[in-house]
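Please read the structure below before turning to the comments.
The values are calculated or read from the model by the stated rules, or taken from the named source; none is laboratory data. Note that this is a predicted model, so its numbers are computed, not measured. Virtual Cβ from ideal backbone geometry, glycine too; neighbours counted across all protein chains shown. SASA here: full protein model, heavy atoms, side chains in, ligands and nucleic acids out. Shrake-Rupley method; radii C 1.70, N 1.55, O 1.52, S 1.80 Å.
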Amino acid sequence: MYTQALNQKDSGPQVAEDPERLARFEARVAAEDKVEPNDWMPEAYRRTLTRQISQHAHSEIVGMLPEGNWITRAPSLRRKAALLAKVQDEGGHGLYLYAAAETLGTSREELVEQLLNGKAKYSSIFNYPTLTWADIGAIGWLVDGAAIMNQIPLCRTSFGPYARAMIRICKEESFHQRQGYEIMLTLCRGTAEQKAMAQDALNRWWWPSLMMFGPPDAQSAHTDQSMRWKIKRFTNDALRQQFVDATVPQGHYLGLTFPDPKLRFDEATQHWQFGEIDWEEFRQVLAGNGPCNRERLEARRKAHDEGAWVRAAALAHAAKRKARLAAQRMAAE
Ligand code: FAQ
């Protein structure tokens, strides 16, 4: 039932909830009490969390692909070791998040199936190609930087397992962001050719990074309800603005120029104002027409098929272990 509902809007099929239970639930959320898997929760709360957490998990897993492309070509052993560790962390984040989503009643197999059959979304950002080594710097600096801005507030999200998973994830993301910025700094202090490579990476990753925060608030289907249930703590536009304010001075420190002629600091609001985001590009990427959508899903499907024997072996091992433990218990009784 939950799986069927996963891709429907929260405003979709409404389950008539018991008003008293609903009021008690809303009072708990308002009092900053954490909701735990065995607690009663409205179906729409379960549905939107399953949607958000599983899409987040898929993003981590698909997000390993653009960087994985550079592990064999990292310019030194130190860079290779750091990138390898980062990509492994992302695999780990996906696993914590699938585990958190499973506590809401949908199995990991079903969630993965939704990714592989194209029904579930994953972050738009991972449908762009990594053309040069500087892209690895730009991903760490901008993509992980945007991810942290969005995810720090999720450490206080109302659903306990998601909030707890996010604490560790955010610590690791912070290392990822720094390693990216350090790559950019090294390139910007290098030769003119290296600095040009860093500038080109910023030019290509800036706008897609701003799109990571999701559609403008006025067009966001889920923000209002998710804010009321304290799943989201800030709106998409508020986080996007925080990211721009934090990142623009970092780019200027690198000596780089942002690909936005309208970018300017507004003394009155103390915020960086930025130009119009190309939401048509965002819609196209979500519709499967980004530069790498097909390639990413094909890579995931191939990895899933090639990993079938690992899953079968793990299940067989678990079954043998369970039988052995049961036999030992029987013998001891
Ligand atoms: N891409 O009503 P809203 C990372 C969809 S992890 C694709 O605003 P919501 C780590 C949205 O799902 C990056 N789809 O939705 C890393 C919904 O569609 P649906 C992932 C998007 O949920 C770094 C529809 O548009 N992070 O980067 C996107 O309230 C480096 C309407 O949108 C998370 O998932 C998008 N950018 O707010 C890994 C964080 N934006 O489901 C490797 C957790 C929106 O109705 C390397 N998620 N959509 O069919 C969130 O905070 C929220 O889900 C938002 C969207 C803010 C992403």
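What is the total of Lys pairs in the chain with C-alpha atoms under 24 Å apart, excluding same-chain pairs fewer than 8 positions apart?
Lysine pairs, 8 or more places apart or on different chains, close enough: 22.
Keeping the other protein chains in place, figure out the carbon and sulfur percent of the accessible area of the range 3-290, with a 1.4 Å probe.
55 percent
For the chain, what is the charge dipole size about the Cα centre, in debye to the nearest 20, if Lys and Arg each add +1 at the Cβ and Asp and Glu each add -1 at the Cβ?
1160 debye
Tabulate in residue order the Karplus-calculated ³J(HN,Hα) for the range 320-333, using 6.51 cos²θ - 1.76 cosθ + 1.60 with θ = phi - 60°, rounded to whole Hz; enter x for Gly and Pro.
5, 5, 4, 5, 5, 5, 5, 5, 5, 5, 4, 5, 6, 6
Which of GLN219, GLY288, TYR96 sits farthest toward the positive end of the charge dipole of the chain, with +1 on the Cβ of Lys and Arg and -1 on the Cβ of Asp and Glu?
Value computed over the given set: TYR96.
Give the long-range amide H neighbours of HIS271: residues separated by 5 or more places, or on another chain, with amide H under 5 Å away, using H modelled in the peptide plane at 1.01 Å from N.
ASP266
Taking θ as phi - 60°, what are the ³J(HN,Hα) couplings along the range 217-228 by the Karplus curve (6.51, -1.76, 1.60), each to the nearest whole Hz, with x for Gly and Pro?
Residue by residue, the range 217-228 yields 3, 5, 10, 7, 5, 10, 4, 4, 5, 5, 5, 4 Hz.
What do you get for the angle between helix 236-254 and the principal long axis of the chain? Use alpha-carbon atoms, 0 to 90 degrees, nearest ten.
40 degrees
With each run of n ≥ 4 DSSP H residues scored as -39500 (n - 2.57), what mean residue ellipticity at 222 nm is computed for the chain after dividing by its residue count and rounding to the nearest 500 deg cm²/dmol?
Computed ellipticity for the chain at 222 nm equals -20000 deg cm²/dmol.
For the chain, what is the convex hull volume of its Cα atoms per residue in Å³?
Roughly 173 Å³ of hull volume per residue.
In whole Hz, with x marking every Gly and Pro, tabulate ³J(HN,Hα) for the range 55-68 from phi via Karplus 6.51 cos²θ - 1.76 cosθ + 1.60, θ = phi - 60°.
5, 5, 4, 4, 5, 5, 6, 5, x, 6, 6, x, 7, x
Any idea of the accessible area per residue across the chain, 1.4 Å probe, to the nearest Å²?
Heavy-atom accessible area per residue stands at 50 Å².
Give me the angle, in degrees from 0 to 90, between the Cα long axis of helix 77-102 and the longest principal axis of the Cα atoms of the chain, rounded to the nearest 10.
Orientation of helix 77-102: about 40 degrees from the principal axis.
If I build a Gaussian network model for the chain, linking alpha-carbon pairs within less than 10 angstrom, which residue out of LYS302, LYS34, LYS121 has the largest mean-square fluctuation?
Top of the fluctuation ranking is LYS302.
Could you work out how far helix 160-188 tilts from the main Cα principal axis of the chain, as a 0 to 90 degree angle to the nearest 10?
Relative to the chain, helix 160-188 is tipped by roughly 20 degrees.
Please state the shape class of the range 137-238: rounded when a/c is under 1.5, otherwise prolate if a/b exceeds b/c and oblate if not, all from the C-alpha gyration tensor.
oblate
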